[in-house]
Amino acid sequence: MSNAMGIIFSNIHDSDVPELTQNRTLGSIPFCGRYRLVDFALSNMVNSDITKVGLITKSNYQSLMDHVGSGKDWDLARRHGGLHMLPPFGVEENTSLYNTRLEALKNIIGFIEKSNEQYVVMTDCDLVCNMDYDAILKTHIKNGADITLVYGMANAKDMSPTNNIVLKTDDDGRVADILFNPRAQGEIKLFANVFILKRNLLYNLVKDAISHNKHHFSAEIIAQSVGSLRIFGYEHKGYLAKITSLQSYYDKSMELLDRSKMKEVFENNNVYTKIRDSAPTKYSAGAKVKNSLIADGCVIEGEVENSILFRGVKVSRGSVIKNSILMQDTIIGEKCFINCIITDKNVIVTDGRNLSGCDVNPFYIRKFSKL
């Protein structure tokens, strides 16, 4: 895939998880103990030998920049290609922040035009998966496709309340129809917002959209080109999770406590992230941990069960943590009971607190809160 470049949208779905994106992009949301959501998109690119990646930003992207830096941890700190942070403003005639995918592409039209790669892989930051873009591109070329759209099989009852795109394909895999937030039952082909197409085609589509004052890439370009372009679907058969709400963030995080699902995401290819030199986690006498993910740098004096703890978390003596997600540098005081709670970074829970949500409505505690 040395002849392909990547484009990652870090902010497109910020409004889906407002609790976690008040001070950060969707791409920099912490996930699974030591990662950020952008790590999965970046790692999939690197594992597929894509060495030029444009990361589109919009707002609240300081934490994203701190995390990805020069791209060194993903082997993207390169003289040629490498990681490109693409600011929200691009073309002279556009001085406003983008709201849609197409508006974001309009802002980086110069980056697309000046690149030399033949193909483009575009993806969002709301996916947790291990995806082989090289295999998708080979199928794209074999089909003689103009555009390939990656989807996963899902049950209609599991669709999020909004932003669902369902594909209908014929027997040879060609897309026959694209439906937006349809009423559906049973198994559906849920589009994962992963696109593969030639760079020149993308450039021409965006330039044409600018001249016709279009605003939506999927609805006004892709869906309306089903009859005129060869658009094919590609089924991703491995683990595929979309973060579309705080509830889905909780559910998909806890789902990875299942070892079989954890292997699907992390075993076949590496998932890279920013390296931190933290001390190993310290387990005091009397500490009990069961079916949990514990990152480095933690101090465990109490009990932890079915939970995910990020770096630097402290669980003090006599406290019990169950079914919870505690982000970096959360401190739990003594003799606390915490159940179905999501704490953001640097939360302090004082001694003796009893806090509980439930699995269908986890309770979220904002960054820097003290309870």
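The values are calculated or read from the model by the stated rules, or taken from the named source; none is laboratory data. Bear in mind that the values here come from a model prediction, so they are computed numbers and not experimental data. Note that each Cβ is placed from the backbone with ideal geometry, even for glycine, and that neighbours are counted across all protein chains shown. Accessible surface areas use protein heavy atoms only, side chains included; no ligands, DNA or RNA. Shrake-Rupley method; radii C 1.70, N 1.55, O 1.52, S 1.80 Å.
The table below lists the values:
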quantity: Matching residues in the range 322-339 - criterion: being open to solvent by 10 Å² or more (accessible area, probe 1.4 Å) and under 18 Å from E255 (Cα atoms); calculated: K322, N323, N339
quantity: Count of the range 3-15 residues which are touching a strand residue (DSSP E or B) at 6+ places or on another chain (Cβ under 9 Å) and either modelled with pLDDT under 90 or not β-branched (V, I, T) (or both); calculated: 9
quantity: Residues of the range 252-280 classified as surrounded by fewer than 18 Cβ atoms within 10 Å (Cβ to Cβ), part of a helix (DSSP H, G or I) and in contact (Cβ under 8 Å) with a residue 60 or more places away in the chain, total; calculated: 2
quantity: Candidates N155, N116, N164, filtered to the one that is under 24 Å from N11 (Cα atoms) and modelled with pLDDT under 95; calculated: N164
quantity: Test: D132 is in contact with a Leu (Cβ under 7 Å, 6 or more places away or on another chain) and under 22 Å from E264 (Cβ atoms); calculated: no
quantity: Test for K58: is it in contact with a Pro (Cβ under 7 Å, 6 or more places away or on another chain) and touching a residue at least 24 places away in the same chain (Cβ under 8 Å); calculated: yes
quantity: Selected residue (criterion: farthest from N3 (Cα to Cα)) from residues of the range 49-81 that are basic (K, R) and not in a helix (DSSP H, G or I); calculated: K58
quantity: Close pairs (6 angstrom Cβ cut-off, 6 or more residues apart or separate chains): among the acidic types (D, E) in the range 25-53, open to solvent by less than 10 Å² (accessible area, probe 1.4 Å) and not in a helix (DSSP H, G or I) anywhere; calculated: D39/T273
quantity: Hits in the range 284-315 - residues which are over 25 Å from K274 (Cα atoms), aliphatic (A, V, I, L, M) and in contact (Cβ under 8 Å) with a residue 12 or more places away in the chain; calculated: A287, V289, V304
quantity: Residue list for the range 21-31, restricted to those being open to solvent by less than 10 Å² (accessible area, probe 1.4 Å) and in contact with a helix residue (DSSP H, G or I) (Cβ under 7 Å, 6 or more places away or on another chain); calculated: T25, L26, G27, S28, I29, F31
quantity: Selection within the range 57-91 - aliphatic (A, V, I, L, M), over 17 Å from Y272 (Cα atoms) and out of contact with any Lys or Arg (no Cβ under 9 Å at 6 or more places or on another chain); calculated: M85, L86
quantity: Total residues in the range 139-168, condition under 25 Å from G186 (Cβ atoms) and among the small types (G, A, S); calculated: 4
quantity: Residue list for the range 59-80, filter: at pLDDT below 85 and either under 19 Å from the mean Cα position of the chain (by Cα) or of a type in the set (A, V, I, L, M, F, W, C) (or both); calculated: S59, N60, Y61
quantity: Matching residues in the range 64-82 - criterion: being surrounded by fewer than 13 Cβ atoms within 10 Å (Cβ to Cβ) and of a type in the set (A, V, I, L, M, F, W, C); calculated: A77
quantity: Residue match in the range 331-350 (condition: acidic (D, E), in contact with a strand residue (DSSP E or B) (Cβ under 9 Å, 6 or more places away or on another chain) and touching a residue at least 12 places away in the same chain (Cβ under 8 Å)); calculated: yes
quantity: Test: residue in the range 308-326 that is of a type in the set (A, V, I, L, M) and touching a helix residue (DSSP H, G or I) at 6+ places or on another chain (Cβ under 7 Å); calculated: yes
quantity: Residues satisfying the stated conditions in the range 191-246, i.e. of a type in the set (S, T, Y), in a helix (DSSP H, G or I) and open to solvent by 30 Å² or more (accessible area, probe 1.4 Å); calculated: Y203, S211
quantity: Listing of helices (runs of 4 or more DSSP H) fully contained in the range 93-190 that carry 3 or more residues being open to solvent by 30 Å² or more (accessible area, probe 1.4 Å); calculated: 109-114, 133-142
